[in-house]
Amino acid sequence: MASSSPDSPCSCDCFVSVPPASAIPAVIFAKNSDRPRDEVQEVVFVPAGSHTPGSRLQCTYIEVEQVSKTHAVILSRPSWLWGAEMGANEHGVCIGNEAVWTKEQVGEGEALLGMDLLRLALERSSSAQEALHVITGLLERYGQGGSCLEDPAPFSYHSTFLLADRTEAWVLETAGRLWAAQRIQEGARNISNQLSIGTDISVQHPELRTHAQAKGWWDGQGAFDFAQVFSLTQQPVRMEAAKARFRAGQELLQQWQGGITAEVMMGILRDKESGICMDSGGFRTTASMVSVLPQDPTQPCVHFLTATPDPSRSVFKPFIFGVGVAQAPQVLSPTFGAQDPVRTLPRFQTRVDRRHTLYRGHQAALGLMESDQDRGQQLQQKQQDLEQEGLKATQGLLASEWAPSLQELGSLFQAFVKRESQAYASAS
């Protein structure tokens, strides 16, 4: 039987700033992925592709029909599954997802994970609104379900999504196959493991209200408040903690209203006091991402990814889609083929070592920071210097002060990953 207990550890935070909340004419997206402490998250580049009509696509647990063409994507994902916690595509669409529990029961069968829906939407859409339609269409056809943790004890949940592109953002919140969405055309918005769409619903599942009325959750009179109608009546402790993070995120966004930049978003993701930078027992922030999506379509979108845990002690490295883009091998986990515990039945009966090269180096670096204060401070300064170099380079690019070739743009992330790996190797 699938677990749907919100008391189990699961938390994430997503943020978006749409002008005039941003300091520059760009939409800025950010997410912390909070997962089990020892789970490895890899950063995977998947090029655009053409596919045979009628072909099938294997996702984490089930197959779906493939489409004829898919877009290039950069994904930050738990290395055991097919989907992703967050990512972007070559058209400047970014998506982050979060776990949520509602009055609608979590199904016991295997279907699409919310993380699968996220990747499918990135591969198949050229705008945030189109991504929303992709997710809701797949949700209607295949449903969502299956264990979301690499563990023999099944653990399942439903998903909420924050979707953004160069011009706007959408919040999509689901309950089984049902859903509601809110369009964000200006200002700042965040989501944190709870339903947050009230009466301001921009579009919804056609049966959302009739289902709620049939269940006795809504009397059919007055305004329809999605969060109020579908949220659990008795909120468990962990859901209350999510409320606190949500409020803290709102306050941090409000403090920077009109001045939000990539660096500001990185600072929010590093905020430990609020719990947004998670480090609690067996749970922590395992990877982070910030994206700058200029409104000017002639300017490239810039995506900063850590590929390592704890953003307060990690490097946000810039990725730009370009001619020379290829997989950075240092952030790619080993594969185990048909013998992978996620592929063999019953699933997850054994554990494998999924640590990639950068993850191993980063873990050694964290150990050094804790055991040798002087050397640890030196190493952390190297991290900060490397990140600042990436920020200044991309700021110069967006300000037309730096005109690299398409080849240079495409190899940017690989170069920064390599330099970070070398810094950890020399420190050890």
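Just a few scattered comments:
- Filtered residue count, the range 58-108, keeping only those that are assigned to a strand (DSSP E or B), within 15 Å of Ser125 (Cβ to Cβ) and open to solvent by 10 Å² or more (accessible area, probe 1.4 Å): 2
- Pro346 vs. criteria more than 24 Å from Val264 (Cα to Cα), exposed (fewer than 14 other Cβ atoms within 10 Å of the Cβ), in contact (Cβ under 8 Å) with a residue 12 or more places away in the chain and not β-branched (Val, Ile, Thr): yes
- Residue satisfying condition, being in contact with a Pro (Cβ under 9 Å, 6 or more places away or on another chain) and open to solvent by less than 50 Å² (accessible area, probe 1.4 Å), within set Gly187, Gly220, Gly198, Gly176: Gly187
- From the options Val93, Val106, residue that is over 19 Å from Phe226 (Cβ atoms) and β-branched (Val, Ile, Thr): Val93
- Selected residue (criterion: least open to solvent (accessible area, probe 1.4 Å)) from residues of the range 201-217 that are farther than 30 Å from Gln255 by Cβ and part of a loop (DSSP other than H, G, I, E, B): His205
- Selection count, the range 78-87, where residues are over 13 Å from Leu117 (Cα atoms) and under 14 Å from the mean Cα position of the chain (by Cα): 2
- Cβ-Cβ under 8 Å pairs, at least 6 apart or on other chains, the range 85-100 side at pLDDT below 95, far side among the β-branched types (Val, Ile, Thr) and not in a strand (DSSP E or B): none
- Of all residue pairs spaced 6 or more apart or on separate chains, those with beta-carbon atoms under 6 Å, a first member in the range 172-192 that is farther than 17 Å from Val106 by Cα and a second member that is basic (Lys, Arg) and not in a strand (DSSP E or B) are Ser192/Arg245.
- Remark: pairs (first residue in the range 322-338, without any contact (Cβ under 8 Å) to a residue 60 or more places away in the chain; second residue open to solvent by less than 20 Å² (accessible area, probe 1.4 Å) and part of a helix (DSSP H, G or I); Cβ separation under 7 Å; 6+ apart in sequence or on different chains) are absent.
- Failed condition for Thr357, given (1) open to solvent by 40 Å² or more (accessible area, probe 1.4 Å); (2) modelled with pLDDT under 95; (3) closer than 21 Å to Phe45 by Cβ: (2)
- Any chance Glu140 is at pLDDT 95 or above, outside any loop (DSSP other than H, G, I, E, B) and either closer than 24 Å to Val290 by Cβ or open to solvent by less than 10 Å² (accessible area, probe 1.4 Å) (or both): no
- Of the strands (runs of 3 or more DSSP E) lying entirely inside the range 228-335, those containing at least 2 residues that are crowded, with 20+ Cβ neighbours inside 10 Å, small (Gly, Ala, Ser) and at negative phi are 283-294.
- Filtering the range 349-405 to residues that are of a type in the set (Gly, Ala, Ser), without any contact (Cβ under 8 Å) to a residue 60 or more places away in the chain and assigned to a helix (DSSP H, G or I) leaves Gly367, Ser371, Gly376, Gly396.
- Hey, Ser33 surrounded by 24 or more Cβ atoms within 10 Å (Cβ to Cβ) and touching a Ser or Thr at 6+ places or on another chain (Cβ under 6 Å) or not: yes
- Condition check for Ser411: within 29 Å of Trp80 (Cβ to Cβ), at pLDDT 95 or above, touching a Gly at 6+ places or on another chain (Cβ under 6 Å) and of a type outside the set (A, V, I, L, M): no
- A single entry from Leu118, Leu113 fulfils the requirement of being over 19 Å from Arg166 (Cα atoms) and buried (at least 24 other Cβ atoms within 10 Å of the Cβ): Leu113.
- Residue check for Gly49: modelled with pLDDT of 95 or more and closer than 25 Å to Glu173 by Cα: no
- Answer residue from the range 360-377, given it is in contact with an Asp or Glu (Cβ under 9 Å, 6 or more places away or on another chain) and not small (Gly, Ala, Ser) and is surrounded by the fewest Cβ atoms within 10 Å (Cβ to Cβ) among those: Leu366
The values are calculated or read from the model by the stated rules, or taken from the named source; none is laboratory data. Quick caveat, the model's predicted, so the values are computed rather than measured. Reconstructed Cβ throughout: ideal geometry from the backbone, glycine too, with neighbour counts over all protein chains shown. To get the accessible areas, we keep the full protein, side chains included, count just its heavy atoms, and leave off ligands, DNA and RNA. Shrake-Rupley method; radii C 1.70, N 1.55, O 1.52, S 1.80 Å.
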